[in-house]
Every structure is written in C-alpha cells, then in structure tokens.
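**Student:** Mind looking over this structure? Questions follow.
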Amino acid sequence: MTIAEILLQDYDVEVKNTRTTLERVPAKLAEFKPHEKSMPMGRLAMHVATLPRFASAILTVERMDLATEKFPPNTFESTEAVVRTFEQASSELRDTLARQSDADLEYKWTMVFGDKPIVDAPRSLLFRTMYLNHQIHHRAQLGVYLRLNDLPVPALYGPSADDRMGF
C-alpha cells in the first residue's frame, strides 16, 4: 500500500465527518461566539471548509511564506455555501492526494514567515498534522458551539448524545 492510499483511508472518514458537522451549522448563528476570544461560528465553519485548500498547497507547492501569502477571507454566506465550498475543496484535495507518489509525500515541505522558519518536514507528516489534525480540532470546536446552542451534535466516531446510531 502506498503512503497516499494509507492517508486516503483516514481522509475519506474525516471528510464524511466534517461534511456532517458543517451541514449542522445554522446561518442564524453565524455570529455566535462562546467567548470573546473565540472565532464566530460562521467564520470557523468557513475556515474548516477551506482547510483542504491549505492541504493542497502542502502537496503541490515547494514552500509557503506566510508573510506574502494572501488567503481569501473566511466570510460566511450560508450553510449551503459552506458545504458547497467544502465539497469542492475536499474533492480537489482527494484527487491531488491520490496522485502523490511516495517520493512526493516524503518531500520536505517548508513554511516560513519571512526569515523565520515555521516548519520543515515531510509532506506526509504535515498532511496529517497541519491539515487532518487541524481540521479535526476545529470541527470539534464546532461541535461545542452546536452543543452550547442546544443543537444536535453529530455522531462521528460513535454515538453522540443526539445521534445514537441505531443504539
């Protein structure tokens, strides 16, 4: 099995779980923040929806300089737009990942901020840590936002208090 095939196993599970969570983000709560330091729910949902684009960069560009890289704003328009954005970005990322050879995924990818190094590690590691784990982290935050608003939290790895998965 190639590195890409192994990563795709995790990727497919996480894409399904992420889509399920994003589908539950209500437009009427786009500005909800559980704490002053927290990101608003709509912006957080858009961040989660666009993270596959960051992973595509890890897999396709030699390096990234955050001092010069421009990212589009994570502007929430609607739940449907968030899901549509995620569907497109995650589909493109899946295709990109499937085309990666082991050598591609062993390539050391670099991210800097001007002269300051941030990371220099194999793409396979950064795909897992800077993308998959990052996405899971923010998706879990969305689960907390849902719970705090008494909205159903999806079952992701097993039953939730709201979705017993047939149990």
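Derivation of every value follows stated rules applied to the coordinates shown; laboratory data play no part. Not measured: the values here are computed from a predicted model. Every residue, glycine as well, gets a Cβ built from its backbone with ideal geometry; the counts of neighbours run over all protein chains shown.
**Student:** Taking amide H positions as placed 1.01 Å from N in the peptide plane, with prolines and chain starts having none, which residues 5 or more places from Phe113, or on another chain, fall under 5 Å of its amide H?
**Tutor:** Counting only residues 5 or more places away or on other chains, the set is Leu66, Ile118.
**Student:** Note down the nm distance, to one decimal, between modelled labels 7 Å out along Cα→Cβ at Lys116 and at Arg84.
**Tutor:** Here the modelled spin labels are 3.8 nm apart.
**Student:** Now for a separate question. Could you rank the peptides 8-17, 55-64 by their average count of other C-beta atoms within 10 Å per residue, with the highest value first?
**Tutor:** Numbers: 8-17: 15.4, 55-64: 17.1.
Descending packing order for the listed peptides: 55-64, 8-17.
**Student:** Assuming a ≥ b ≥ c are the square roots of the Cα gyration tensor eigenvalues, decide whether segment 65-167 counts as rounded (a/c under 1.5), prolate (otherwise, with a/b larger than b/c) or oblate.
**Tutor:** Details: a/c = 2.07, a/b = 1.68, b/c = 1.24.
Prolate, because a/c is 1.5 or more and a/b exceeds b/c.
**Student:** While we're here: So what is the relative contact order for the chain, in percent, with contacts set as C-alpha pairs under 8 Å and at least six apart?
**Tutor:** On the way: 209 pairs, mean separation 48.0, N = 167.
Relative contact order of the chain: 29 percent.
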